[in-house]
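Right, one structure below, let's go through it.
Every number here is computed from the coordinates shown, using simple stated rules; none is lab data. Quick caveat: nothing in here was measured; it's all calculated off a predicted structure. Ideal geometry is used to build each Cβ from the backbone, glycine not excepted, and the neighbour counts take in all protein chains shown.
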Amino acid sequence: MRYFIGNWKMFGVPKSVNILNKINSFHTKDKNRKKYRVIITPPYTLIQTYAKSFKNKKIYIGSQNCYQKEQFSSNTAAISPYMIKSVGAKYTLVGHSDNRGEGDTDTMLKNKVHFALKNNLKVVFCIGENKSDKKNKKTFSVLKKQLTKVLDKKFDKNNLIIAYEPIWSIGTGKIPTKDELEKTIIYIKKILKKIFKKKSPAVLYGGSVDGDNVKLFKEINEIDGFLVGGASKSSKKFIDIIKNYYR
Ligand code: 13P
């Protein structure tokens, strides 16, 4: 199973559901539809209505983040995994670099993953090195730390997906070389197999994915799918990624 996840970030109002309708009608007719799953993570404000609209369809709705406490608390503006699950989301991202940049620590991330899984949300855990890590050849050690500090062997690997998103690639149009990316994904899977006793969760790539460069990424069989930002805000661009991946 491959995954095509569209992360809308701070984008979308109720009528943006048009985009999902178009993706859904493409997916319904696509001869390859059984080979992949489409997940969209709109902002919190749209989760409930979108989850309702697509309840019996094949597009899954997820959250972009969750708070590190389980149910209710006195933290202003915080949204817990329990609350997210209660409005119909099936997935949540955790550890996106945008949120790490705003102060998410490894301990907070561990709690987020734990409580999200406990509330039956599937977790897409994001990792990735920044530009200076890459320049200083620290990519592998940074990724290893991000994985081992947060992921616990007790977490259910079947409900966990890892998204490798190099920060220097997000929204920049810059992508790793095929060789670099292949080695990195293999390395991530090696670490995951150590944590989870031989079986690695799915590992996705994210960072400036579009309908053109996906042709290069599809040559790397170890990539189990994509976490798409910018291009997921246009049904055409998002559909092109899927089409070109299976072409
Ligand atoms: P872009 O596809 O816009 O580079 O964003 C990637 C991302 O951050 C998805 O979570």
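Extent along the principal axes, Cα only, for segment 101-247: 38, 37, 33 Å, with the longest axis given first. Loop-resident chymotrypsin sites (Phe, Trp or Tyr not before Pro) (DSSP state other than H, G, I, E or B) in segment 23-103 with no more than 15 further Cβ atoms inside 10 Å of their Cβ: Phe72. Of the trypsin sites (Lys or Arg not before Pro) in segment 128-181, the ones in a loop by DSSP (not H, G, I, E or B) with at most 11 other beta carbons within 10 Å are Lys137, Lys153, Lys154. Taken over the chain, the ratio of Cα radius of gyration to 2.2 N^0.38 Å equals 0.95. Segment Thr172..Lys58, full-extension length gain: 38.0 nm, with 0.36 nm per residue of separation and the alpha-carbon distance subtracted. Straightening the chain between Lys243 and Gln71 buys 58.0 nm, computed as 0.36 nm per residue apart minus the Cα-Cα spacing.
Taking amide H positions as modeled 1.01 Å from N, with prolines and chain starts lacking one, the residues under 5 Å from Tyr60 and 5 or more places away or on another chain are Val38, Ile39, Ile40.
Non-local lysine pairs in segment 146-214, meaning eight or more places apart or on different chains, with alpha-carbon distances under 12 Å, amount to 15. Counting 0.36 nm for each residue step from Val87 to Glu180 and taking away their Cα separation leaves a gain of 29.5 nm.
Summary value for the chain: 19 percent relative contact order, contacts being C-alpha pairs under 8 angstrom separated by 6+ residues. All C-alpha to C-alpha distances of segment 28-104, sorted into 10 Å bins beginning at zero, yield P(r) values of 18, 44, 28, 9, 2 percent in whole numbers. Note on Thr148 and Asp212: the model spin-label points, each 7 Å out from Cα along the C-beta direction, lie 4.0 nm apart.
Evaluated on segment 174-245, the Kirkwood hydrodynamic radius is 12.9 Å, with distances taken between all distinct Cα atoms. Placing pseudo-labels 7 Å out from each Cα toward the beta carbon at Lys198 and Ser234 gives an inter-label distance of 4.6 nm. Spin-label model, Ser132 to Asp156: label points 7 Å out along the Cα-to-beta-carbon direction sit 4.0 nm apart. Beta-bridge orientation, the chain: approximately 0 percent antiparallel, per DSSP, counting only bridges with both partners inside.
Dividing the convex hull volume of the alpha carbon atoms of segment 62-140 by its residue count, what do you get in Å³ per residue?
Values: hull volume 7.2 nm³, N = 79.
About 91 Å³ per residue, rounded to a whole number.
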